[in-house]
Amino acid sequence: GCGSIGLDLGQQRLAVSGALGSYFAGLLERDHIYTDLPEQVDAPAPGGLAPLPPLERMAWALNHPRGPRALVIAAEAGMGKSTLAAQLLRCLLHQRDFDLLIGDSAKQSRVDLASGTTQALQPGFWDVDSCLAHLRAQLGLPPTTSTGTGDIADRLAGRRVLLVIDNLEAVTGRDELLHRLGRLLTRDVRAVLTTRQVEALPAF
């Protein structure tokens with residue numbers, strides 16, 4: 001299916017940022033990380049797309065010029081949000097719908113469903129400033145004390161970009177981060193967010 005084959009990050013440096021954290025990069029690199037089960041994903045179907053599987057509906061929506069600028073994947077812990085996001089991103093990158101992937105995961109731990117043990121992870125960022133600093137580093141921009149996003153927007157101009165923010169609920173200042181990231185989203189720059197808490201997400 002779409003996105004089943006892992007990305008060779010070493011061979012796609014123009015398409016995928018080499019600064020992605022080890023957790024999310026690992027999901028992007030491994031083959032066959034996702035099993036599509038009937039009615040597992042509740043994805044709204046835009047007009048005429050109902051027959052398509054949910055993953056392909058989401059890919060179509062993110063790639064369509066009039067589609068949503070951000071797609072939120074929400075579920076409880078351990079339900080596979082990050083895995084689904086990685087599968088979706090791989091699908092879009094394999095189809096060459098986008099040419100750059102930036103972002104990372106704020107996940108601080110993961111649960112091994114087979115053993116029930118918890119493994120600590122180093123988050124790629126943890127608040128607004130560290131997230132923006134991480135994006136600047138991925139884009140080759142120099143560190144700055146500025147709290148704006150103008151330099152990031154300038155670097156993204158003219159490119160088809162996927163921005164991934166994994167485990168949004170773990171970020172301190174979540175609403176402020178969404179407000180800042182919302183300034184970056186355009187017809188060509190789209191975002192994929194994962195979270196355990198969707199009911200209180202602000203418009204951005």
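The values are calculated or read from the model by the stated rules, or taken from the named source; none is laboratory data. Treat the numbers as computed from the prediction; the structure is a model and nothing was measured. All Cβ positions, even for glycine, are placed from backbone atoms using ideal geometry, and neighbour counts span all protein chains on display. Accessible surface is based on the protein model in full, side chains and every heavy atom, while ligands, DNA and RNA are left aside. Shrake-Rupley method; radii C 1.70, N 1.55, O 1.52, S 1.80 Å.
Below, the figures for the structure above:
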quantity	calculated
Pick from region 121-147, criterion polar (S, T, N, Q) and not in a helix (DSSP H, G or I), ranking: nearest to Leu168 (Cα to Cα)	Gln122
Test: residue in region 46-58 that is in contact with a Lys or Arg (Cβ under 9 Å, 6 or more places away or on another chain), part of a loop (DSSP other than H, G, I, E, B), on the phi < 0 side of the Ramachandran plot and open to solvent by less than 60 Å² (accessible area, probe 1.4 Å)	yes
Among (1) farther than 19 Å from Ser82 by Cα; (2) free of Cβ contacts under 8 Å to residues at least 24 places away in the same chain; (3) open to solvent by 20 Å² or more (accessible area, probe 1.4 Å) - the single one Arg136 does not satisfy	(3)
Any hit, region 107-122, residues being surrounded by 22 or more Cβ atoms within 10 Å (Cβ to Cβ) and within 20 Å of Ala70 (Cβ to Cβ)	no
Condition check for Pro142: in contact (Cβ under 8 Å) with a residue 24 or more places away in the chain and either out of contact with any strand residue (DSSP E or B) (no Cβ under 6 Å at 6 or more places or on another chain) or of a type in the set (Asp, Glu) (or both)	no
Residue match in region 79-101 (condition: touching a strand residue (DSSP E or B) at 6+ places or on another chain (Cβ under 9 Å), open to solvent by less than 50 Å² (accessible area, probe 1.4 Å), more than 21 Å from Asp31 (Cα to Cα) and not in a strand (DSSP E or B))	no
Those residues of region 59-78 which are open to solvent by less than 20 Å² (accessible area, probe 1.4 Å), in contact with a helix residue (DSSP H, G or I) (Cβ under 6 Å, 6 or more places away or on another chain) and either modelled with pLDDT under 90 or in a helix (DSSP H, G or I) (or both), in sequence order	Ala59, Gly67
In region 163-198, the residues that are assigned to a strand (DSSP E or B) and within 15 Å of the chain's Cα centre (by Cα)	Leu163, Val164, Ile165, Asp166, Val189, Arg190, Ala191, Val192, Leu193, Thr194, Thr195
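Conditions (1) among the charged types (D, E, K, R); (2) under 21 Å from Met79 (Cα atoms); (3) open to solvent by 30 Å² or more (accessible area, probe 1.4 Å), marked per residue:
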site: Gly140; (1), (2), (3): no, no, yes
site: Gly148; (1), (2), (3): no, no, no
site: Ile152; (1), (2), (3): no, no, no
site: Arg155; (1), (2), (3): yes, no, yes
site: Leu162; (1), (2), (3): no, no, no
site: Glu169; (1), (2), (3): yes, yes, yes
site: Thr172; (1), (2), (3): no, no, yes
site: Leu184; (1), (2), (3): no, no, no
